[in-house]
1. Considering only the stretch 144-156, state which residues are among the hydroxyl-bearing types (S, T, Y) and more than 15 Å from C102 (Cβ to Cβ).
2. Can you pull out the residues in the stretch 91-121 that are surrounded by fewer than 16 Cβ atoms within 10 Å (Cβ to Cβ) and among the aliphatic types (A, V, I, L, M)?
3. Filter the helices (runs of 4 or more DSSP H) completely within the stretch 126-174 down to those with at least 1 residues that are more than 10 Å from the ligand (Cβ to nearest atom).
4. Name the residue that is nearest to F92 (Cα to Cα), counting only residues in the stretch 104-125 that are within 9 Å of the ligand (Cβ to nearest atom) and among the aliphatic types (A, V, I, L, M).
5. Pairs needed: first member in the stretch 114-139, in contact (Cβ under 8 Å) with a residue 12 or more places away in the chain and over 19 Å from A167 (Cβ atoms); second member anywhere, β-branched (V, I, T) and more than 6 Å from the ligand (Cβ to nearest atom); C-beta distance under 7 Å; at least 6 residues apart or different chains.
6. E153: among the charged types (D, E, K, R), closer than 24 Å to N69 by Cβ and loosely packed, with under 12 Cβ neighbours inside 10 Å, yes or no?
Amino acid sequence: MIKIIIAAIATLLAIWASVYMIGLDSEVHKLDKISKLIKSTAMEDKKIKVEQTTIKSTPVQSAQTTSTNTKDKEIEDKLKALKEKAGNIAAFKVSTLYKKNCSSCHGNIGQGIIGPKLMGQSEEVILKDLQDFKSGKRKNYVMYGLLSKLKEEQLQSLAKEIGTFQAKLDEATK
Ligand code: HEC
């Protein structure tokens, strides 16, 4: 009888140990992700600097372009064109709501920095994402924390605005 109890306790310990290891593993994974995120923002900084210093000369193909998606490429080209036509930047006005709450991570025109690119996504998709983040259906602490301060009407107006970013960029670089 005692043997059985000892065996049972040993099994439980073994299970607990493996669960604990899995937990540790995912923590490490998270840390890894964070460090990657930090690294990627550092690269973004460098890229901006490179672009600023070469802005007067002919546009140089950025060596750090990692996007393979042609749509991404297209947006990047247009963003470059927008930078060159300084006057057109004025055409790209965003609301204070967006500028204050979202642009730090998603870029001043939704091109994406730490947060994913929003430009090119439809109002419906953005609104659904925002609602899901706010309700916790889609889990992200950053977005959840941010959106908990905003009202449904604000989500709607943000979604509506972000939905027009692509058209605005197209218009400004025509
Ligand atoms: C502190 C940085 C940060 C700020 C500020 C921020 N976001 Fe995000 N956002 C993120 C990150 C990181 C993700 C990716 C989350 C994920 O996929 O789980 C994200 C995801 C999203 C997505 C989903 C995009 C997709 O393609 O899946 C939308 C939409 C979005 N954010 C909109 C907004 C809006 C609108 C605001 C302003 C109210 C905002 N975000 C502010 C970091 C931020």
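1. Residues of the stretch 144-156 among the hydroxyl-bearing types (S, T, Y): 144, 148.
Result: no residue meets the conditions.
2. Passing the criteria: A91, L97, I114.
3. On the way: elements: 141-147, 152-162, 165-172.
Those helices (runs of 4 or more DSSP H) span 152-162, 165-172.
4. Keep residues of the stretch 104-125 that are within 9 Å of the ligand (Cβ to nearest atom), which gives 104-106, 110, 112-118, 121, 125.
Restricting the remaining residues to those that are among the aliphatic types (A, V, I, L, M) gives 113-114, 118, 125.
Numbers: I113: 18, I114: 21, L118: 15, V125: 22 Å.
Among residues in the stretch 104-125 that are within 9 Å of the ligand (Cβ to nearest atom) and among the aliphatic types (A, V, I, L, M), the one nearest to F92 (Cα to Cα) is L118.
5. Hits for this filter: I114/T41.
6. Values: among the charged types (D, E, K, R): yes; closer than 24 Å to N69 by Cβ: no; loosely packed, with under 12 Cβ neighbours inside 10 Å: yes.
Criteria not met by E153.
Residue-wise test of (1) in contact with a Gly (Cβ under 6 Å, 6 or more places away or on another chain); (2) over 20 Å from K100 (Cα atoms); (3) of a type in the set (G, A, S).
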position	(1), (2), (3)
L127	no, no, no
D132	no, yes, no
K139	no, yes, no
V142	no, no, no
L158	no, no, no
E161	no, no, no
F165	yes, no, no
T173	no, yes, no
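Any read-out appearing in this document is the output of simple, stated calculations on the displayed coordinates, not a laboratory observation. If you're wondering where the values come from, they're calculated on a predicted model, not measured in any experiment. No Cβ is skipped: glycine too gets one built from the backbone with ideal geometry, and neighbour counts run over all protein chains shown.
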